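A short worksheet on the structure shown next.
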Amino acid sequence: MSGQTDASYDRKLKPIYDYLDNGYYKKSLQEIDKLQKKNKDWLYLKVLKALTYIRMNRPKEGEEILEQVVQEFPYDDSTLQTITICYRDLHQNHLIPTLYENALKKDPINEKLFTNLFMAYVRVQDYKKQQLTALNLYKAHPKNPYYFWAVFSIYMQAITAKEGSIESKITFPLAEKMCEKFYNENRFEAEQEINLYLMILEKQNKFKEMLNLIDSDLGKQKLNDYLGFNLYRKVQLLSKNGLLQNAFKEMKELIKNNIDQYNYYMELFDLASNLDGQMVNSHKYIDQVLDLIDEMCDKTTNFKHRGPSMAKIVILGRIQQSIKKNKEKLDNVVNSENIFRKIEDEMFINLIFEYFENFNKKFACIKDIMFMLKNVNLTPSQMEKLLLNIKLSILNLNHETSTDEFSKSLCYYYLVHYTSDLSQYSQNKETELKLLYEFYQKNLIINWSHMNTKEFKENKPDENIITKPPFDPVVYLIANKSVADIDIYDYDITSNSTYFDLLTLLEHSLKTNTDDYYCKLLLVRLYNVIGACASSHALYENLDIKLIQCDTMGHFFLVPFLSSGHYSYARQFLAASWKFYSFNFKDTSDFLINSYKNGTFKKIEEIMSFNTKLRTSIQYHITRVEQFFLNLIIECKNNLTFKTFAIDYVTQMVKGNLNFDFENVCDNRDNLLNCNHHQLDLRVETLRKKTFNDECLWLHYRITLLEVMIISYNLSENLLADSDRNLIVNGGTVSTSIEHEKLTFGFFNNLINQMEELIIVSKKYISENSSVKYCLEGPTPSKLNSYFSTQQSSCVMNLLQTLRSIFNYCAKSEVDIDIDSLIENFKVSDFFNEIYTLSANVTQKEQSLQTMRKLLENISNWIETISVCVSLLDIAYNSVQRIQKYCKKLRKKKLNEMKNSEQTISKFNEIFTLFKTNLEKSIKELINLCETFSVSVPKLCSSLKMNFSSGLQDALIIETEIKDKLNLSYHKSLSEMHNVLYSKHRYLTSLEDNHIQHH
C-alpha cells in the first residue's frame, strides 16, 4: 500500500496506510486533512484521499478528486499505482491506459511505466495495443519476456477473432514466424516460451512441427517431462499425425512407467483397434494389448494395481460388444480364435469376482465394479451368479475378521442396490432397510485404530487393512435406498417415518464423525425437502461454503431459503455470493497480470475461460435478480423506499450492469451426491437438463417483470410532464429524467407482450413435463412449477394491463382496453380465491413433513406476488394523481375534455379500489394463516415417530433435538413471512391515505 514516496514522508504516511488497510476510513481522512494543511499541492496525498472516499462508499467525491489529479499528468509510480487501485475499485479500468500514456510522454523510455501501460491494456483486454506496447517495450529494453508478451497478444487476437475471419488467418502465421525467428537464432530462454510456440502450432494443427520441436535438442533441454507429460503429449501428436505404430510403441513405454494409469490402457486399445482396422501388417495389436495388461497384472510390486485389472475387464467387454455388432468385420481384423478363447460365458463373472477379492478393502472397489458393469453386458442370470459368489465369499469368512466381513458385505449391499429394478423395488424394501440399519449398528464398533499407526501415517498401509472413506458408506447407502424408487417431493407416496428415520440416522452419524461432508449434504437435501431450512442454514455455516462453491452449490441453499420464507438467510447467502462474483470480476485482471509476469501463458486462457463461465453462469444471473426481488419484498415498505429501489435499478440498467444473455447461459451446478443405481444415472441427467431449462425460463420471466415494473415507475413519474398532455418526446418516447432506450412506452409495451408469451410458454412447458420424478441425488426443483400452477401471473398481468391502459390514454386520449370488463374481472378475483382455498386446506387437513415445504413455498410465492402488486398499485395511484392534477389545470374551453377525463379517472379508481380491497383481504388471510399454522406446528413435530432408527444409541435424545430443530425452523419461517405481510399491509394502507390527501 505504501508505494515509493520520499523517505521524509514515510513516517507521516504510515498511519494513513494502517487505517486504510484496517478499514478505519474516517481516521484515515482525518490524518490526510491534517497533512494537507501543510502540503496542499501534494498529488499523492490527494489520491489517497480519493481512495479513502471510494472505500467509504462516497465514489462521486473520490472521482472529482481523481479528475483534478489526472489533469496534472502525474508520472511518479506511487501516485499512478494508487490511482490504478482507485479506478479498479470504481470498475473503471478503461481510464487506466490513458493515465500511463500521459505519464510516458514525460518519460518515454521508463521501463516500469512501459510495463504498467502494457498491464493497463491487459485489464481492458485490448490485444492490439498490448502487441504494439510490448514491441515498443522490447525495442527500448530488449528482454525475452517482453517479446513473448507481444507474441501472446497476437495469439489472443487470433483466438478471440471470429472463426474463419481474415484476422484469425493472418495473426497465427505472424505469431508463428516471430517464434520461428527466435528458434532459428537459438534465443529461447524459458520453458514457457517454448510452450507458447507449441500452443501456436497446435492451434494451426501443425502436429509434425510440434513433434520436431519436442524432439529437438532445445525441446529436450527446456521442456520438463513431469510425470511423463511430454511423452504422453508426444503420443497424442503421433496419433494425430497418423504415425499410429510409433504412437503405439511410445504408449506401451508410458504404461510400463505408469502401471496404474487406467486411461493409458484404453488409449492403447484405441490405437490397437485403429492399427488392426488398417491391416497395416500381420501384427495383431489387440493381442499385444491384452498380453501387456496380463503382464502388468502379474507384475510383482508392493501394491496390487487396480488400473490394469479394470482395463482388462472393460477392454474385453468392448471386444465382446464389437463381436456381437459386427462379427464378420472383426474376423478380418483380429485373430478371432484368440479373442473368442479369451471371452467365455463365465469369464466376466470370474474376472469381476477376482477384482472384488483383491480390492474389496478399498472403498473405491464399489465404484470400480459399478463402472465395469456399465461397460460389460451381463445377463440377469450372470448378475445373480456374480452376487451369489460375493455372498458365498462373505459366508465363508471367519467372523473373527470383522473388517473383512464389513468391507465385503458393504460391497455386496451396494451392488445389490445398484443392480435392482426400481419398478419392483418396493417388494423387499422394508426388509432390506431393516437389515441395513442393523448392519450400521453392528459396524459402529469397528475399530479404525490402524489410522493412527506409523505405517498408515507414512502412507504405507498394509494391503490387508481396510481403507476408510471420508464418509460413512453404510449411511449413504441407506439414504440412497430409502428414497430411490420415489419422487422425494411427491406428497402422496412418502411418509413421515421415512424422512424422520433418515434424519435420525444422519444426525446420529454426524455426531460420530463431525467431518462427514456427504452426511451434511444429505441432511441439507432432506431438511430442504421438508421445508426446515433453518437447519439447512446451520449446516451451510458448518460446511463453510465459500468462493466458487457459491456458484456450484448455490442451488442447494438459495432457492430453498427463499421458498421457505427464510429471507434473512437468503440475504446472507446472496451477500456472500455477490461478494465472490464482484471480487472475482474485479480481480481477474490482477490474475492475468501475474500470469503475464510469470510467463504462464496457458493459464491466461484458463483464467479467461473461468471468468466467462462465471459471467454466463445461471447461478450468477439468479443471484443478481434475486437481490432485487428480496429488496422489493423486505426493503420496500412505503413509497419512498420503493422509489429508492426503482432508482437503484434504473441506475444499474443505465450503466449496463443488468444485461442478460439468455442464449449463452451455462450450467455450473454440481450435484455432488453420487448415484448408486444404474437407473438413476439417466434420471439425474434428465433432471439436470429439466431444472436448468426451468431456471432459464423462470429467470427470463422475473427479469422481464422487474424491467416492466421499473419502466412503469419511470413512465408514471414523468406522466404528462409536457404542456401538450403528451408522452411523445424524441419521436414517440416518454419523457424521463434519465434517458435510456429501455425507458420508453414502446419498450414497456413490448415487454408486456413478452410477458404474456412467457406465461403461455411456461404453463405449456409445465404441463408437458409434469411426470418428472425428483431424486435425492438430483438438483433442487425450480419455483417455476409452483408459481405458474396458480393464478398469480394473471393477478400481476391484470394490473399491468391497467397501467398500460393509463399510459396509452395519456398518450392518445383513449383507452386501449374495455375498462368495464376489467372491473368485472377484478370483482370475480379468482386468483385471490386460491389464498382462501390454501388457508382452508391447512385448517381442515392434517399436515405432514412432506406438505410443509409446499405450504411454505405457496405462502412465500404469494408474498412475492403481493409485494409486486402493492408496488404496482403505488405506481397506479401515482399515475392517476398526476392525471387529476393535469385536469385541474385545464382551461374552461377544454371543459368537455376534462369531463371525459374525470369519468375515465373514476373508472380507473374503481378498478384500483377493487384490487386494493381484494389485496387487503388476501394479506389478512395470509397473516391469519401464518398465525394458525404456527400454533399447529408443535403438534406436527410431536407426532413424528421413528421406525428403523429407534434402535440406535441415543436415538431418543437425537429425536428430541430434531423435533426442536423442525419446530424452530418452521416458526422462524412463519414469523419472517408474518412480519413481511404486516409491512406490506401498512404500505397498502399508506397508499390509500396518500391518494385521499391528493384527491
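If the condition is being open to solvent by less than 30 Å² (accessible area, probe 1.4 Å) and over 24 Å from TYR877 (Cα atoms), then region 642-665 contributes MET653, LEU658, VAL665.
Tell me, which helices (runs of 4 or more DSSP H) lie completely within region 449-518 with 1 or more residues that are at pLDDT 85 or above, open to solvent by less than 50 Å² (accessible area, probe 1.4 Å) and at negative phi?
473-483, 496-512
Residue check: is ILE313 open to solvent by less than 30 Å² (accessible area, probe 1.4 Å), out of contact with any Asp or Glu (no Cβ under 7 Å at 6 or more places or on another chain) and at pLDDT below 65? No, not satisfied. Could you tell me whether region 70-77 includes any residue that is buried (at least 16 other Cβ atoms within 10 Å of the Cβ), assigned to a helix (DSSP H, G or I), free of Cβ contacts under 8 Å to residues at least 40 places away in the same chain and touching an Asp or Glu at 6+ places or on another chain (Cβ under 9 Å)? Scanning region 70-77 turns up no residue that is buried (at least 16 other Cβ atoms within 10 Å of the Cβ), assigned to a helix (DSSP H, G or I), free of Cβ contacts under 8 Å to residues at least 40 places away in the same chain and touching an Asp or Glu at 6+ places or on another chain (Cβ under 9 Å). Of the residues making up region 954-970, those that are over 30 Å from the mean Cα position of the chain (by Cα) and surrounded by fewer than 19 Cβ atoms within 10 Å (Cβ to Cβ) are ASP954, ALA955, LEU956, ILE957, THR960, GLU961, LYS963, ASP964, ASN967.
Taking first residues from region 285-303 that are in a helix (DSSP H, G or I) and among the aromatic types (Phe, Trp, Tyr) and partners that are surrounded by fewer than 13 Cβ atoms within 10 Å (Cβ to Cβ) and at pLDDT 85 or above, no Cβ contact under 7 Å between residues at least 6 apart in sequence or on separate chains turns up.
Among the conditions (1) within 30 Å of ILE711 (Cβ to Cβ); (2) not in a loop (DSSP other than H, G, I, E, B), the only one that ASN659 does not satisfy is (2). Run down GLN30, GLN81 and say which single residue is farther than 30 Å from ASN136 by Cβ, in a helix (DSSP H, G or I), open to solvent by 40 Å² or more (accessible area, probe 1.4 Å) and at pLDDT 90 or above. Going through GLN30, GLN81 in turn, just one is farther than 30 Å from ASN136 by Cβ, in a helix (DSSP H, G or I), open to solvent by 40 Å² or more (accessible area, probe 1.4 Å) and at pLDDT 90 or above: GLN30. Which of the residues that make up region 53-111 are under 19 Å from LYS586 (Cβ atoms) and polar (S, T, N, Q)? Once the filter is applied, which keeps residues that are under 19 Å from LYS586 (Cβ atoms) and polar (S, T, N, Q), region 53-111 yields ASN57, GLN81, THR82, THR84, GLN92, ASN93. Within region 122-152, can you find the residues that are outside any helix (DSSP H, G or I) and under 19 Å from PRO108 (Cβ atoms)? Hits for region 122-152 are HIS141, PRO142, LYS143. Here region 939-951 is the region considered, the condition is being open to solvent by less than 60 Å² (accessible area, probe 1.4 Å) and touching a Ser or Thr at 6+ places or on another chain (Cβ under 7 Å), and the residue that is nearest to SER563 (Cα to Cα) is MET946.
Quick check: is even one residue across region 12-20 under 22 Å from ASN116 (Cβ atoms) and surrounded by fewer than 17 Cβ atoms within 10 Å (Cβ to Cβ)? Yes, that holds for at least one residue. Total residues in region 176-225 satisfying the condition of being open to solvent by 90 Å² or more (accessible area, probe 1.4 Å), of a type in the set (Asp, Glu) and part of a helix (DSSP H, G or I): the figure is 1.
The values are calculated or read from the model by the stated rules, or taken from the named source; none is laboratory data. Predicted model only: the values in this text are computed from it and were never measured. In this analysis, Cβ positions are derived from the backbone assuming ideal geometry, glycine residues included, and neighbour counts consider all displayed protein chains. Please note that ligands, DNA and RNA were not included when accessible areas were found on the heavy atoms of the full protein model with its side chains. Shrake-Rupley method; radii C 1.70, N 1.55, O 1.52, S 1.80 Å.
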